[in-house]
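What follows is a single structure, written as structure tokens, with notes after it.
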Amino acid sequence: MKQGSLGSTYKFQPRQIVCLEHENTRLYTEVIEVVTVRQICWVRPLMLVVSPLGHDSLPAFSPEQLNLYDLRQGADLLWPVSLFRVALDTEVIPLLVQLDNPDEGAQVNNAEAHQQLSCFIRKVWLASKNAF
């Protein structure tokens, strides 16, 4: 799992988009607040992006080839800042465009989207217990 460097995590600003990645999945979130004393980040999930099975490299795929789950109506998370990295505009903008396109956008089933998020969070937690 890729982790952000601890020095860069405190530079996160409210409304900035950050990414938490594990295996073939990325969780894009909006920073609400960074609690520096506890080294945690309060984030609001935007979308979960899953590449085709067996492929870890998301940039190798166009947004249309990825499974995209809209999480904008879900609950916020408190998560260690060390696990996040800044999301690049070039990776996020095409995904946001697809998320808002009603013809080919995200998976519409909210229950499935939140189940996918729950599974992803569990996997990240198991792989990164030392960060908690």
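The values are calculated or read from the model by the stated rules, or taken from the named source; none is laboratory data. Since the structure is predicted, the reported quantities are computational estimates derived from the model, not experimental observations. Here the Cβ positions follow ideal geometry from the backbone for every residue, glycine too, while neighbour counts run over all protein chains shown.
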Residue, modelled with the lowest pLDDT, within region 76-124, restricted to residues that are in a loop (DSSP other than H, G, I, E, B) and of a type in the set (A, V, I, L, M, F, W, C): 106
For residue 14: the one exception among (1) at pLDDT 90 or above; (2) out of contact with any strand residue (DSSP E or B) (no Cβ under 9 Å at 6 or more places or on another chain); (3) part of a loop (DSSP other than H, G, I, E, B): (2)
So residue 43, is it modelled with pLDDT of 95 or more, part of a strand (DSSP E or B) and not acidic (Asp, Glu): yes
Evaluation of residue 54 against (1) on the phi < 0 side of the Ramachandran plot; (2) at pLDDT below 90 (one fails), failing number: (1)
